[in-house]
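**Student:** First the structure, then my questions, so here it is.
All of the numbers you see were taken from the coordinates with simple rules; none came from a lab. None of the values given here were measured: they were computed from a predicted structure. Positions of Cβ are backbone-derived with ideal geometry, glycine not excepted, and every protein chain shown enters the neighbour counts.
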Amino acid sequence: MEKTHDAEEIQQMTRARFGRIAEDPSSERKFPVGPESAKGLGYNSAEIDALPCGVTESFAGVGCTICLGPINDGETVLDLGSGAGLDTFLAARRVGPQGRVIGIDMTPEMVCKAEGNRRELGMENVEFRQGSIEQLSVEGNSVDLVLSNGVINLCPDKERVVSEIYRVLRPGGRLYVADITLEDGVDQATVERLGTWSD
Ligand SMILES: C[S@@+](CC[C@H](N)C(=O)[O-])C[C@H]1O[C@@H](n2cnc3c(N)ncnc32)[C@H](O)[C@@H]1O
């Protein structure tokens, strides 16, 4: 019989999985994580190699969001599902001291790791918040650019996420997304064979 989970169970499994990836990245067997994955997705190798291991070892993104368009001096950027902070820190370098980047993630171990990384890098224009991207703890109309790398596919209520993104973006604000999508007509057996990030 087909196995189904409610939204709360999905979030618990997601938290458990990314808690493990924060504390022991080598425990992830199914999907690529870490600096070599980032380089393969198009991040600049020298920039990745120059980051502390704590930032890159738990990278679990599925694309290079910061490659998708400009990130300008002085902008306010919001990184959804910020993990250990790789995109957050690279964006923070691009917005400079007049800009700022907020990273939001629901997994306490990831937020703790990202905050340790922030301290190690001495980045004053970065802030990490623990919370759900279905209910953003961010003022409306306050963000120039939203980054989202590999997180929306994990959210049971995708419409809510999109409406929250719309709420926080300023008029003319931008959204750079990398994610996993499912094509029409894929049957349950194929989903189970290929796996999902949250199983
Ligand atoms: C695939 S990882 C990507 C992490 C990061 N963007 C990166 O590129 O390394 C997804 C992250 O989103 C977080 N996450 C999943 N669902 C979330 C939700 N509803 N609200 C906030 N964070 C969530 C997980 O804890 C995890 O750290």
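**Student:** To the nearest Å, what is the center-to-center distance of the range 36-76 and the range 124-199, using C-alpha atoms only?
**Tutor:** About 18 Å separates the Cα centre of the range 36-76 from the one of the range 124-199.
**Student:** Once phi is turned into θ = phi - 60°, what whole-Hz ³J(HN,Hα) does the Karplus curve with 6.51, -1.76 and 1.60 give for every residue of the range 82-95, x standing for Gly and Pro?
**Tutor:** With the stated coefficients, the range 82-95 comes to 6, x, 7, x, 4, 5, 4, 5, 5, 5, 4, 5, 6, 7 Hz.
**Student:** Something else about it: Hey, can you grab everything whose amide H is under 5 Å from the amide H of Ser82? Only 5+ residues off in sequence or another chain; H modelled, so Pro and N-termini drop out.
**Tutor:** So Ser82 has HN proximity to Ile104, Asp105.
**Student:** Let me ask something additional. Relative to the first principal axis of the alpha-carbon coordinates of the chain, what is the inclination of helix 108-121, with its axis defined by its Cα atoms, in degrees from 0 to 90 and to the nearest 10?
**Tutor:** 30 degrees
**Student:** 5 Å is the cut-off here: which amide hydrogens, built 1.01 Å from N in the peptide plane, fall below it relative to Val146, excluding neighbours closer than 5 in sequence?
**Tutor:** Correct list: Leu78, Arg174, Leu175, Tyr176.
**Student:** If you don't mind, another one. Can you tell me which of 58-68, 128-138 comes out highest on packing, and rank the rest after it, using the mean Cβ neighbours within 10 Å? All intermediate terms of the calculation are to be shown ahead of the outcome.
**Tutor:** Values: 58-68: 22.1, 128-138: 17.3.
For the peptides 58-68, 128-138, the packing ranking is 58-68, 128-138.
**Student:** Can you list the HN-Hα couplings for the range 50-60, worked out from phi with the Karplus curve (6.51, -1.76, 1.60; θ = phi - 60°), rounded to whole Hz and with x for Gly and Pro?
**Tutor:** 7, 7, x, 4, x, 7, 8, 5, 9, 4, 10
**Student:** While we're on this one: Taking R0 as 35 Å, what FRET efficiency do you get between Asp49 and Met13 from their Cβ-Cβ distance, rounded to the nearest 0.05?
**Tutor:** Values: r = 33 Å, r/R0 = 0.94.
For R0 = 35 Å, the calculated efficiency reads 0.60.
**Student:** Just to confirm the number: angle between the C-alpha axis of helix 7-23 and the first principal axis of the chain, 0 to 90 degrees, nearest 10?
**Tutor:** 60 degrees
**Student:** Put a dot 7 Å past each Cα toward the Cβ at His5 and Gln130; how far apart are the dots in nm?
**Tutor:** The modelled label-to-label distance comes out at 2.0 nm.
**Student:** Still on this structure, please answer the following. Based on Cβ point charges of +1 for Lys and Arg and -1 for Asp and Glu, what charge dipole magnitude is obtained for the range 139-192 about its Cα centre, in debye rounded to the nearest 20? Mind showing how you got there, number by number?
**Tutor:** Numbers: 5 positive and 10 negative charges, 82 e Å.
Taking the Cα centre of the range 139-192 as origin, the dipole is about 400 debye.
**Student:** Please give the calculated 222 nm ellipticity per residue for the chain, where each DSSP H segment of at least 4 residues contributes -39500 (n - 2.57) and the sum is spread over every residue; nearest 500 deg cm²/dmol? Can you show the working numbers first?
**Tutor:** Numbers: 8 runs with 74 residues, N = 199.
The per-residue figure over the chain is -10500 deg cm²/dmol.
**Student:** For the range 1-145, what percent of Cα pairs sit more than 28 Å apart? Don't jump to the answer; show the numbers that get you there.
**Tutor:** Details: 1766 of 10440 pairs.
It works out to 17 percent of all Cα pairs.
**Student:** Run the quick spin-label model on Asp179 and Asp73: label points 7 Å from Cα toward the beta carbon, then report their separation in nm to one decimal.
**Tutor:** 3.4 nm
**Student:** For Glu139, put the label point 7 Å out on the Cα→Cβ axis and report which residues of the range 72-106 keep their amide N under 16 Å from it.
**Tutor:** Inside the label zone: 75-78, 99-102.
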